[in-house]
Amino acid sequence: MSFEVSGEVEIRSGVELPCTREAITLETSDGLKLIGELALPIGKPPVATLITLHPLPTHGGFMDSHVLRKASNRLPFLADLAVLRFNTRGTSSPHGTSEGEFGHGNTEHADVAAAVQFAVARGLPNLWLVGWSFGTELALKYGVDQPILGAVLLSPPLHRTSDEELIRWNGSQKHLIALVPEFDDYLQPEAARERFSMVEDIEIIGVDGAKHLWVGEAATTRVLNEIVRVVNPAAYPLPTTLNLGAEPKSGE
């Protein structure tokens, strides 16, 4: 992509910082092709990798849901992170439609595995799942079996995740971090601490004033900062402005 903005730039909303973008196709064990995109830092290897799992597709969730899109637009440049986004089976977005049908969180186990296998095959380092809402269910149900360091959970509803599945994380050496909005529609901080009490290695962060959809730049900034704090603390906290200089940056 090309990036032609120069001078002082405020990092907010629609800002898209320089990175290398690649349209990718994930192939699942049950024969489906899933549409996706990989965003990478320009000219240097990533420090860590975010494999994102989007909100519920039957309620408008897809790989371009705003927090995930903004992670892709900012974090390769600001935090040297690779960001892999994809549409789960049967999900459409401006990038295209993945094959298959919505599996209510059941058949999507193959989608999670395909994304992780792609990252492993590409040699991407330090893999983390980042799930949002429905995506947290997929992370919790299936991530423990994958070669990841852990998962960041945004607005976990815990509708589809059983206690038995939560307990499986104990002893896994994988870390869980849950960002729970104060005014979440499904699971608020106090209830989240109760539901997750059986998990030994989890950090639960109640976010004052936030809602399930993380609307507004303050909410987005908080989410992206917490992700970076966990996966690449050397880049924390993220800047709020950048001086990009007079020359445009570009990548293939």
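Coordinate-derived values only; no laboratory data. Not measured: the values here are computed from a predicted model. So basically every Cβ, Gly included, is an ideal-geometry build from the backbone, and we count neighbours across all protein chains shown.
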Query raised in the report: Taking the Cα atoms of the range 23-235 alone, what are Rg (to one decimal) and Dmax (as a whole number) in Å?
Result: 15.6, 45
Requested in this report: Note down the net charge around Ile51, summing +1 for each Lys or Arg and -1 for each Asp or Glu among other residues with Cβ under 11 Å from its Cβ.
Outcome: 0
Query raised in the report: Which of Leu32, Leu75, Leu84 moves the most in a Gaussian network model of the chain with Cα springs under 10 Å?
Result: Leu32
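Phe183 to Ser92: FRET efficiency via 1/(1 + (r/R0)^6), r the Cβ-Cβ distance, R0 45 Å, to the nearest 0.05?
Details: r = 29 Å, r/R0 = 0.65.
Approximately 0.95, to the nearest 0.05.
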Query raised in the report: Residue-wise, which Karplus ³J(HN,Hα) couplings in Hz belong to the range 34-43, taking 6.51 cos²θ - 1.76 cosθ + 1.60, θ = phi - 60°, and x for glycine or proline?
Result: 10, 7, x, 8, 10, 10, 10, x, 8, x
Query raised in the report: What net charge is computed for the residues neighbouring Glu165, neighbours being all others with C-beta under 10 Å from the C-beta of Glu165, Lys and Arg scored +1, Asp and Glu -1?
Result: 0
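I'd like the trypsin sites (Lys or Arg not before Pro) in the range 171-252 restricted to DSSP loop residues with at most 16 other Cβ atoms within 10 Å, sorted by number.
Values: sites: Lys174, Arg193, Arg195, Lys211, Arg222, Arg229, Lys249; in loops: Lys174, Lys211.
Those satisfying the criteria are Lys211.
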Query raised in the report: Tell me, what are the semi-axes, in whole angstrom and largest first, of the equivalent ellipsoid of the range 158-252 as set by the roots of 5 times the Cα gyration tensor eigenvalues?
Result: 32, 18, 11
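Highest mean first, how do 153-162, 35-44 rank when packing is the count of other Cβ atoms within 10 Å averaged over residues?
On the way: 153-162: 21.3, 35-44: 19.4.
Going by the mean number of other Cβ atoms within 10 Å, highest first, we get 153-162, 35-44.
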**Report entry** Other-chain or far-sequence residues with amide H under 5 Å of Val199's (modelled H)
**Finding:** none
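For Gln117, what charge total do you get from the other residues with a beta carbon under 15 Å from its beta carbon, if Lys and Arg give +1 and Asp and Glu give -1? Let's see the in-between values first.
Details: positive: Lys33, Arg122; negative: Glu27, Asp30, Glu108, Asp111, Asp145.
It works out to a net charge of -3.
Using only helices, what value at 222 nm comes out for the chain when you add -39,500 (n - 2.57) per DSSP H run of length 4 or more and divide by the total residues, to the nearest 500 deg cm²/dmol?
-7500 deg cm²/dmol
State, as an integer percentage, the relative contact order of the chain based on alpha-carbon contacts under 8 Å between residues 6 or more apart. Can you show the working numbers first?
On the way: 550 pairs, mean separation 56.9, N = 252.
It comes to 23 percent, rounded to a whole number.
Could you give the dipole magnitude of the chain about its Cα centre, charging the beta-carbon of Lys and Arg +1 and that of Asp and Glu -1, in debye to the nearest 20?
Details: 20 positive and 32 negative charges, 74 e Å.
Approximately 360 debye in magnitude.
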Report summary line: Residue by residue through the range 93-109, the couplings from Karplus 6.51 cos²θ - 1.76 cosθ + 1.60 with θ = phi - 60°, in Hz, x for Gly and Pro, are 8, x, 7, x, 10, 7, 5, x, 10, 3, x, 6, x, 9, 5, 5, 4
Requested in this report: Return the distance in nm (one decimal) between the two label points of a simple spin-label model at Phe102 and Gln173, each offset 7 Å from Cα along Cα→Cβ.
Outcome: 3.8 nm
Report task. With a point put 7 Å past each Cα toward its Cβ, work out how far His59 is from Asp208 in nm, to one decimal. Result -> 2.7 nm
Query raised in the report: Which of the lysines could a cross-linker span from Lys141 if the Cα-Cα distance has to be under 25 Å and same-chain partners fewer than 8 positions apart are dropped?
Result: Lys33, Lys174, Lys211
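Kirkwood Rh and Cα-based Rg: tell me the resulting Rg over Rh for the range 127-185, rounded to two decimals.
Values: Rg = 10.7 Å, Rh = 11.4 Å.
Looking at the range 127-185, the ratio lands at 0.95.
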Report summary line: Under the Karplus relation with 6.51, -1.76 and 1.60 and θ = phi - 60°, whole-Hz ³J(HN,Hα) for the range 182-187, x at Gly and Pro, equal 4, 10, 4, 6, 10, 8
